[in-house]
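Report on the structure given below.
Every read-out reported here was derived from the displayed coordinates using simple, explicitly stated rules and does not represent laboratory data. These numbers come from a predicted model, not from an experiment. All Cβ positions, glycine included, derive from the backbone under ideal geometry; neighbour counts span all protein chains shown.
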Amino acid sequence: MNEDFFWTTSSLKQVLGTCIIHSRGQTPNKFFKLFHQNIRGLRGKTSELLCHLHKDLPHLLCFSEHHLNQSEVDFINIENYSLGAKYCRRILQRGGVSIFIQSYLQFTILHLDKYCVDQDTEVCALQLDSTFSNISIIVIYRSHTGNFNTFVTQLDKIQQKLCTIKSNLIISQTNGRRSVWNEVLCY
C-alpha cells in the first residue's frame, strides 16, 4: 500500500479529541462532531464520559479498546445514543472498537468483520445517511503487538471495498511507526 493513500483534510478541526467536519454542497452550514477515545475499558465509564461532553455532545462517539464481548457491548447504554457499529475480539481479551451515534441520526452499518484479525486489525464502520452526504466513518485499532503487515493488507482490502463511497473518514489508533498513522484521516 502506498503512503499517499492517507491524507489529512484541512476541513477537519481537532480539539481535545473532538473533530468538527464541515459538509460541502447542499447544506453548507451543516457539520457534525465526532469524538474518539481509546477508552481502555468502557464498562462503568459512560456517565463520567457524558459529564465531560455534556455542554456540546458530539454526533458520534468512537471508541477503541472498549474491552467488551459481543453481549456486553450490546447492553451498554449511553443516553441519547445508539450502538451503530462494533467489533469485539473473538479469541483474545480486551481490544475492540465501537461507534455510538446520536439516536435520531440515520445510518447504515458497513459490515467489515471479515477483515478483522484480533490485535492486528480491529475495525467497525457505518455510513451516515442523508444529512451528512453519505460519509462513512471507519474506526480501526491495531495493538502495538499486532502484525503491521497484516494490518496494512487488511486496510487495503477495506479501502478497495469502500472505494465507491463518496467520503471515508478513518479514525485510527494503529500504534504505527509513523505519527501520521495515529491521526484522523480522510480519503
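In a simple Cβ point-charge model (Lys, Arg +1; Asp, Glu -1; nothing else charged), the range 19-175 has a dipole of about 220 debye relative to its Cα centre. Peptide packing: for 104-117, 70-83, the average count of neighbouring Cβ atoms within 10 Å per residue gives the ranking 104-117, 70-83, highest mean first.
Taking amide H as placed 1.01 Å from N in the peptide plane, ASN147 has its amide H under 5 Å from the amide H of ASP120, each at least 5 places away in sequence or on another chain.
Considering only CYS124, GLY146, GLN160, and ranking their Cα positions along the charge dipole of the range 107-169 that arises from unit charges at the beta-carbon of Lys, Arg, Asp and Glu, the one farthest toward the positive end is GLN160.
Of the peptides 58-69, 144-155, the order by per-residue mean of other Cβ atoms within 10 Å, starting with the highest, comes out as 58-69, 144-155. Shape class for the range 19-175: oblate, because the ratio a/c of the largest to smallest gyration tensor axis (alpha-carbon atoms, square roots of eigenvalues) is 1.5 or more and b/c is at least a/b. Among ARG40, ARG142, ARG94, the ranking by other beta carbons within 10 Å of each residue's beta carbon, starting with the fewest, stands as ARG40, ARG94, ARG142.
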